[in-house]
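Read through the structure below, which is laid out as structure tokens, and then see the notes.
The values are calculated or read from the model by the stated rules, or taken from the named source; none is laboratory data. If you're wondering where the values come from, they're calculated on a predicted model, not measured in any experiment. Here the Cβ positions follow ideal geometry from the backbone for every residue, glycine too, while neighbour counts run over all protein chains shown. Note: accessible area is taken over every heavy atom of the protein model, side chains too, but ligands, DNA and RNA are not part of it. Shrake-Rupley method; radii C 1.70, N 1.55, O 1.52, S 1.80 Å.
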Amino acid sequence: MTQFVSNQNDHDLISAIKDGDHDSFRILVEKYQERVIRICRGYLGSYEDAEDLAQEVFIEVYKSSVKFREQSEVSTWLYRIAVNRSLNYIRDNRKKFILSKRSDSYEMSAIENKASGSSADNEITAGEHRHVLHLALNSLSDNQKTAFILNKYEDLPYIEISSIMGVSISSVESLLFRAKRNLQKRLLDYYNKNML
Amino acid sequence: MKCNNIHNDLISYLEGSLSREESNAVEKHLNTCDECMKFSDKLRVSLGYIDIEKEVSVTPGFADMVLAKLDNEVDNEVEEFSLINRMMPALTAAAVVLFAVFVGNTLAKQFSGGGDMVEQGYHEEFLYANEIYLEPIENFFLLTEENYEKD
Ligand SMILES: [Zn+2]
């Protein structure tokens, strides 16, 4: 019942947004901001970048609300826009993205090293762990990465991931399986070369 | 159990999705193998950042920023539109010239046969090769592409 009511509200919000109602748009933003930022962060790593991109996502939501068809859930549609925007962002900023993230993480690890005293030469620092996690994530195929982020960052059930991605539930399962295999393989390879 | 088999199961072990028996087998191996134990610890820390990053605390006024940006963009679009209106005569003239060039080119190509063959994928390869000067960590993830399971 509550599910029904909240979905009903979402559709009402979208109809109002179609008519240019900014108050309804604000309600929609406030309702979904955390979820959208979390998705973007899964792809980008940096919180600031994720918030900036989430703003773009909501602008696109507003502009394309006229094209929204009532049959699908508003949340599914929103997630889909967040996923596509994130994938495009990485594609467009591949170089800048990797380089700026690296300098971020170096700064971060320097700060965290200071805070925790010091660390041995072969110890992987906190910033590096984080950086390596996102490099490994970004080395996955778009589909594997997306299934993994929707499942691990957003805790979405397979059925919802399948409607966001437009693939079957069994495809989601196998994408997740391969995503985890590849992720751990890449991380272990990295540790192997960097700590022994 | 061999180390390699353990490596395949570590992520499932850490997220608690193995069966009791499988999980016990991994644990037993970890207790006897320093190297796998080290890997498992590192993996736990790296993957642990997912839980940290999931905790999102939205900057206050986020919705205000989105709305301000929206207003700004709508204003810009209105401006662009009126600019286009003012430039219409010039744009029309330019379109006529472009069309003439296009027709000329098409005809020329038909008579010369073939035309220029643009190699597909060239652009992408070029970008990829360009990234080789990145730092070792990035290289590491770029160059190991082939060893991993595709979709
Ligand atoms: Zn072992």
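Before we move on, is B:F81 open to solvent by 90 Å² or more (accessible area, probe 1.4 Å), modelled with pLDDT of 75 or more and of a type outside the set (D, E)? Here the answer is no, as B:F81 does not meet what is asked. The C-beta contact set for segment B:1-12 (first residue over 16 Å from A:Y191 (Cα atoms), second residue open to solvent by less than 60 Å² (accessible area, probe 1.4 Å) and within 11 Å of the ligand (Cβ to nearest atom), distance under 7 angstrom, 6+ apart or interchain) comprises B:M1/B:H29; B:D9/B:V26.
Residues in segment B:32-84 that are within 16 Å of the ligand (Cβ to nearest atom) and more than 8 Å from chain A (Cβ to nearest Cβ): B:T32, B:C33, B:D34, B:E35, B:C36, B:M37, B:S40, B:D41, B:R44. Set side by side, the residues B:R44, B:R20 differ, and just one is under 21 Å from A:T125 (Cβ atoms) and of a type in the set (K, R), which is B:R44. For segment B:50-63, the criterion of being modelled with pLDDT of 70 or more, within 25 Å of A:F58 (Cβ to Cβ) and touching a Phe, Trp or Tyr at 6+ places or on another chain (Cβ under 6 Å) is met by at least one residue. Filter segment B:19-35 down to the residues that are surrounded by fewer than 17 Cβ atoms within 10 Å (Cβ to Cβ) and in contact with a helix residue (DSSP H, G or I) (Cβ under 9 Å, 6 or more places away or on another chain) and list them by number. Hits for segment B:19-35 are B:E22, B:S23, B:E27, B:N31, B:C33, B:E35.
From the list B:S23, B:S17, pick out the single residue that is small (G, A, S), within 29 Å of A:D155 (Cα to Cα) and within 16 Å of the ligand (Cβ to nearest atom).
Answer to the selection: B:S23.
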